[in-house]
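S.K.: Below is one structure. I have some questions about it.
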2 protein chains.
Amino acid sequence: MKVRPPKAQPEITVDTVIFTIEEGVLKVLLVRRGGDPYKGQLALPGGFLWANETMAQAAVRVLTTKANVKDVFFEQLYTFDNPKRDTRGHVITVAHFALVPAQRLRSIRLDENVSLVPVKSIKRMPFDHMEILSYADKRLRTKLGYSNVAYSLLPEAFTLSQLQEVYEVILGHEVDKRNFRKKIQSLDIIELTGQKQTGRKHRPARLFRFKKRGYAELEEPLF
Amino acid sequence: MKVRPPKAQPEITVDTVIFTIEEGVLKVLLVRRGGDPYKGQLALPGGFLWANETMAQAAVRVLTTKANVKDVFFEQLYTFDNPKRDTRGHVITVAHFALVPAQRLRSIRLDENVSLVPVKSIKRMPFDHMEILSYADKRLRTKLGYSNVAYSLLPEAFTLSQLQEVYEVILGHEVDKRNFRKKIQSLDIIELTGQKQTGRKHRPARLFRFKKRGYAELEEPLF
DNA sequence: ACAAAAGTGTTGTATATACACCCATGA
DNA sequence: TCATGGGTGTATATACAACACTTTTGT
């Protein structure tokens, strides 16, 4: 008879990187930890996986309870299992990332234990959360280039300038207005709503919508 | 006091999609299951995570024991946790994929419980292994376009035709010889060894090597 | 001398980039 | 009438795609 070593019995958590764009800046929703370890520090929202729950359900639960949002885009990122990542013992985390239009976070934002922090300003976080954040940020940039995920950072109707801002903020550099419009309109993923923006002190912009609200990959990459 | 539901206590496995190219065909290493469930069927090699083991270590263990290879390229793919994926109960699997040059699998291949099967011919596998395989296959195709992973499917020295074959087999279509050579040589990732292939009944091909053996992402994508 | 794969350039077409002015509105 | 962002076209450079013949070796 072969003797097998014991199976691992790690605990499993789900952590979620919730991105939004506010005031032209890419931000992440962080929560202040209520308990040890790292009590009082800002960290990625997450929690233990409950019995009879899938990862996706746990991620939805985190999004609902911490950010008070439903039906937003999210996907699994990566599973982090560095044995030293949690001082409490063997805890692995299945990281996810989500994208939420800033307007939909207004309800929760009044709180002091939940804040939207510019990604570029974050220097330290508990556990391996910096690593998770970097990973999510990179995935977001890449994904922007071959999918329609931008829809999930905008209201249903938006102007081309708002759409362009999403790209500029995430890519971290400006893009040419005319070329951007030519390209994005050639992709056949957005359409005119027929409405126009009102109440601005300049020429009203036409409002567009994504033809498909829901994740889709582009036939031809944007970059 | 809040009452929290119990934490999940799933078991954790690691499954590995081991790709290789043999006779101009993309193949996967499958092992015949020795025990229930699905006893006797071909499935992706894998196993339970052991105590005090990281996912990467478990993946290396699978690669060593099932494929008898060391120091090959592999990376984590995705964590599959569909609650019905394993009839034994709550078992989640952290899937990985690995790339191995066919020559390095010669040692193990004599066995009847381990076989290299063309990806396109695989119609059914136990658990959610078909889903894992599709996911890996897609990742491989994508990765080929923005990284140097092709190195991990070839011997250290190779001809441009062999390199081209790697791309054609994975992409599933032919590419133009002159355009391919122009492009690949413009990327600055391969160099001449100075050696030539011998013993063929045609003009000897120059042998190249990858400048960097180890994973790297291209500055400029190939496609 | 024949078979088999290696090796090599040019041209047309499509795509990407750079760039500046007029327009519609609110104040 | 002024300030603000909305909206548009062209010219040039670069990248991609299509394509055929000569070379070197083994038999």
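S.K.: Give the nm distances, rounded to one decimal, from A:Gly35 to the matching residue in every other copy, measuring between label points 7 Å along Cα toward the beta carbon; shortest first.
M.R.: 3.5
S.K.: By the gyration tensor of its Cα atoms, with a ≥ b ≥ c the square roots of the eigenvalues, what is the shape of region B:52-130: rounded for a/c under 1.5, prolate for a/b over b/c, or oblate?
M.R.: Oblate.
S.K.: Show me the three semi-axes of the equivalent ellipsoid for region B:67-223, from the C-alpha gyration tensor (sqrt of 5 times each eigenvalue), largest first, rounded to whole Å.
M.R.: Its equivalent ellipsoid spans semi-axes of 33, 19, 14 Å.
S.K.: Still on this structure, please answer the following. Rounded to whole Å, how close does chain B get to the rotation axis onto A by Cβ? Give me the residue too, please?
M.R.: B:Thr79, 2
S.K.: How large is the dipole of the protein assembly as shown about the Cα centre if only Lys and Arg carry +1 and Asp and Glu carry -1, each at its Cβ, rounded to the nearest 20 debye?
M.R.: With Lys and Arg at +1 and Asp and Glu at -1, about 460 debye.
S.K.: For B:Thr65 and A:Arg104, what does the FRET efficiency come to when R0 = 56 Å and r is the distance between their Cβ atoms, rounded to the nearest 0.05?
M.R.: E between B:Thr65 and A:Arg104, to the nearest 0.05, is 0.70.
S.K.: By how many degrees, 0 to 90 and rounded to 10, does the Cα axis of helix B:177-186 deviate from the longest principal axis of chain B?
M.R.: Helix B:177-186 sits roughly 80 degrees off the main axis of chain B.
S.K.: Taking each label point as 7 Å beyond Cα in the direction of the beta carbon, state the distances from A:Gly214 to the same residue in the other copies, shortest first, in nm.
M.R.: 4.4
S.K.: Quick one: which residues, 5+ away or cross-chain, put their amide H under 5 Å from the amide H of B:Ala205? H built at 1.01 Å from N.
M.R.: Here B:Gln197 satisfy the definition.
S.K.: Could I ask something else about it? Beyond 28 Å between alpha-carbons counts as too far, so tell me which of A:Lys66/B:Lys7; B:Lys84/B:Lys123; A:Lys27/A:Lys177; A:Lys123/A:Lys182; A:Lys39/B:Lys7 fall in that bin.
M.R.: A:Lys123/A:Lys182, as the Cα separations exceed 28 Å there.
S.K.: How large is Rg over Rh for region A:149-210, taking Rg from the Cα atoms and Rh as the Kirkwood inverse mean of 1/r across Cα pairs?
M.R.: Reported Rg/Rh (Cα atoms, Kirkwood Rh): 0.95.
S.K.: Sorted from largest to smallest, which semi-axis lengths in Å does the alpha carbon gyration tensor of the protein assembly as shown give for its equivalent ellipsoid, taking the root of 5 times each eigenvalue?
M.R.: 40, 32, 19
S.K.: Separate question: Using just the helices of chain B, give the 222 nm mean residue ellipticity in deg cm²/dmol: DSSP H runs with n ≥ 4 each add -39,500 (n - 2.57), and the total is spread over all residues, rounded to 500.
M.R.: Computed mean residue ellipticity for chain B: -7500 deg cm²/dmol.
S.K.: In addition: Placing +1 at every Lys and Arg Cβ and -1 at every Asp and Glu Cβ, with all other atoms neutral, what dipole size does chain B have around its Cα centre, in debye to the nearest 20?
M.R.: For chain B, the charge dipole is close to 380 debye.
S.K.: I've got another one for you. In degrees, nearest 10, range 0 to 90: what is the angle between the Cα axis of helix B:160-171 and the longest Cα principal axis of chain B?
M.R.: That helix lies at roughly 40 degrees to the long axis.
S.K.: Averaged across orientations, what area in nm² does the convex hull of the alpha carbons in region A:1-122 project?
M.R.: Averaged projected hull area, Cα only: 9.4 nm².
S.K.: Kindly give the distances from B:Thr65 to its copy-mates, label point to label point, with each label point 7 Å from Cα along Cα→Cβ, as nm values to one decimal ordered shortest first.
M.R.: 3.7
S.K.: Any idea how far the Cα center of region A:87-104 sits from the one of region B:1-73, in Å?
M.R.: If we compute the Cα centre of each part, the gap is 25 Å.
S.K.: Which order do B:His202, A:His129 fall in if you start with the one that has the fewest other Cβ atoms within 10 Å?
M.R.: Listing B:His202, A:His129 from fewest to most nearby Cβ atoms yields B:His202, A:His129.
S.K.: In addition: How far, in degrees from 0 to 90, does helix B:129-146 lean away from the longest principal axis of the Cα atoms of chain B, to the nearest 10?
M.R.: For helix B:129-146, the angle is close to 40 degrees.
S.K.: Continuing with this model, one more query. Determine, for B:Tyr38, A:Tyr151, the number of other Cβ atoms within 10 Å of each Cβ, and report the residues in order from fewest to most.
M.R.: B:Tyr38, A:Tyr151
S.K.: Shifting gears a bit: With θ set to phi - 60°, apply the Karplus curve 6.51 cos²θ - 1.76 cosθ + 1.60 along region B:51-68 and write out the HN-Hα couplings as whole Hz, x wherever there is a Gly or Pro.
M.R.: Taking θ as phi minus 60°, the curve returns 4, 6, 10, 8, 4, 4, 5, 5, 5, 4, 4, 4, 4, 6, 7, 8, 10, 6 Hz for region B:51-68.
None of the figures in this text is laboratory data; all of them are computed from the coordinates on show. Bear in mind that the values here come from a model prediction, so they are computed numbers and not experimental data. Reconstructed Cβ throughout: ideal geometry from the backbone, glycine too, with neighbour counts over all protein chains shown.
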